[in-house]
């Protein structure tokens with residue numbers, strides 16, 4: 001995907017959300033807000049029987065857990081007032097629905113999934129000479145020279161970090177998560193029978209809240225990438241996640257997924273497994289979260305806590 005298309009994709013999501021907000025703001029008034037960033041949910045990707053991507057000597061489930069645990073400590077260090085909830089702290093497997101349910105039950109204000117990327121090996125074909133081959137033509141045997149090739153693969157040189165938010169095509173799933181789990185849009189004054197009949201007021205509140213969460217997710221995704229660039233990591237940009245990683249749209253909170261690097265690249269694999277690399281990555285993400293938290297709380301303060 002070209003940089004233009006990435007920007008366009010994000011712009012499209014923003015425009016759609018802004019339109020929804022414009023058409024619903026009059027009917028909702030002030031939507032009840034969560035109190036800043038009090039609880040962060042960290043999801044270490046894969047686990048247990050689900051190994052994830054494989055490198056030459058390591059795997060994604062182990063690296064994602066190691067970095068997630070370091071990120072937990074770094075957030076507590078940089079933001080002592082923030083509670084951290086881990087979807088896993090050991091090598092266990094939960095399917096995506098269980099992970100989303102854990103995050104929603106924890107009533108997080110932010111969801112961060114930690115993963116590693118990979119790219120398939122590159123195939124090569126090398127001419128190595130000719131081979132004499134006998135073949136029968138009519139009643140006579142003849143020979144011909146056939147080219148011979150050696151095929152082999154080399155590691156894919158793809159490298160760098162990516163940070164994702166949910167794609168615009170997943171808005172309905174995100175809206176359902178908000179209706180089911182976000183207390184700020186589950187107005188107790190709306191009768192249950194009206195909720196089931198798509199109460200206009202609740203629809204409006206969901207649209208506004210989803211617009212807010214999309215903007216927050218996008219801002220944090222770009223901030224994470226900026227922090228990575230500062231320490232010399234290659235940025236593959238912040239993007240929408242159109243396929244896979246179901247939890248991004250299944251959690252009722254702003255959500256990002258961080259691809260730490262390509263485990264399929266030997267150089268990157270070394271970095272991802274190193275103490276220096278893991279500390280650097282966790283510190284970068286924590287700094288982005290700290291800036292994100294400060295920005296939200298400053299806005300709430302200027303709006304009288306709303």
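Out of the helices (runs of 4 or more DSSP H) lying entirely within the range 194-306, which hold 2 or more residues that are free of Cβ contacts under 8 Å to residues at least 60 places away in the same chain and over 23 Å from residue 159 (Cβ atoms)?
By residue number, 200-230, 275-302.
Which of the following residues is surrounded by fewer than 19 Cβ atoms within 10 Å (Cβ to Cβ) and farther than 17 Å from residue 169 by Cα: 227, 237, 215?
Only one candidate qualifies: 237.
Given the residues 40, 67, which is the only one that is in a strand (DSSP E or B) and under 18 Å from the mean Cα position of the chain (by Cα)?
Criteria check complete, one pass: 40.
May I ask you to list the residues in the range 70-89 that are without any contact (Cβ under 8 Å) to a residue 12 or more places away in the chain and part of a loop (DSSP other than H, G, I, E, B)?
80
Which condition does residue 157 not pass, out of (1) outside any helix (DSSP H, G or I); (2) in contact (Cβ under 8 Å) with a residue 60 or more places away in the chain; (3) surrounded by 15 or more Cβ atoms within 10 Å (Cβ to Cβ), if it passes all the others?
So the condition that residue 157 fails would be (3).
Report, by residue number, each residue of the range 111-139 that is more than 30 Å from residue 100 (Cβ to Cβ) and touching a residue at least 60 places away in the same chain (Cβ under 8 Å).
Across the range 111-139, the qualifying residue is only 121.
Within the set of pairs 6 or more residues apart or between chains, which connect a residue that is crowded, with 18+ Cβ neighbours inside 10 Å inside the range 171-190 to a residue that is at pLDDT below 70 with Cβ atoms less than 6 Å apart?
Short answer, once both residue conditions are applied: 178/185.
The values are calculated or read from the model by the stated rules, or taken from the named source; none is laboratory data. Computed from a predicted model, the values in this text were never measured in an experiment. Note that we place each Cβ from the backbone using ideal geometry, even for glycine, and neighbour counts take in every protein chain shown.
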